[in-house]
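These notes are about the structure you will find just below.
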Amino acid sequence: MKKKGIGIISLILIIIIAIVAGIKIKQNHDENAVQEIQPVKVSSKTVPTFFFHGWGSSWHAEDTMAQAIKRAGATNTIVRVNVNKKGHARLIGKIKKNAKNPLVEVNFSDNKLTNSQYNGQYANAYDSTGSALC
């Protein structure tokens, strides 16, 4: 009889653990679920937004976000500005006259400026000195 009682208690514990694990998995799935992007109405039509990548990165870091903004209807234009190691900028794409809130992805070729004077201010460092810090 003792073996039967231990078996029943073990079975009940296994069922409780399975239920708790299932609830936790569902909660985790719900928290990590990707939300659908809803189209938005934008009142201003001419405000550009600049995206600057971080140290050691490139324009690819912002492209997924920029494309999501375009799909949501907040913009109809995404262009890129490539800044070479000498600090010269080249526009890739065109901002048309009817552009709605254009997005500008700024891409620095010299993406590893290392002067601690500009710590955390990557775009400012490039604007101030170009590749002279390297």
Give me, ordered by chain and number, the residues 5 or more places off residue 74 or on other chains with an amide H under 5 Å from its own placed amide H. 40
Under 5 Å, built H, 5+ apart or other chain: amide partners of residue 81: 92, 105, 106, 107
Along the Cα→Cβ direction, 7 angstrom out, place labels at residue 97 and residue 85. What is the inter-label distance in nm? 4.2
Could you sort the peptides 80-92, 58-70, 14-26, 96-108 by per-residue average Cβ neighbour count (10 Å cutoff), highest mean leading? 96-108, 58-70, 80-92, 14-26
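Round to the nearest 0.05 the FRET efficiency obtained for residue 11 and residue 72 when R0 = 41 Å and r is the Cβ-Cβ distance.
0.20
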FRET efficiency for residue 4 and residue 30, using Cβ-Cβ distance with R0 set to 41 Å, rounded to 0.05: 0.55
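Taken together, the values in this text are just the output of simple stated rules run on the coordinates, not laboratory data. Just so we're clear, the structure is a prediction, and the values are computed from it rather than from any experiment. Here the Cβ is made from the backbone with ideal geometry for all residues, glycine too, and neighbour counts use every protein chain on show.
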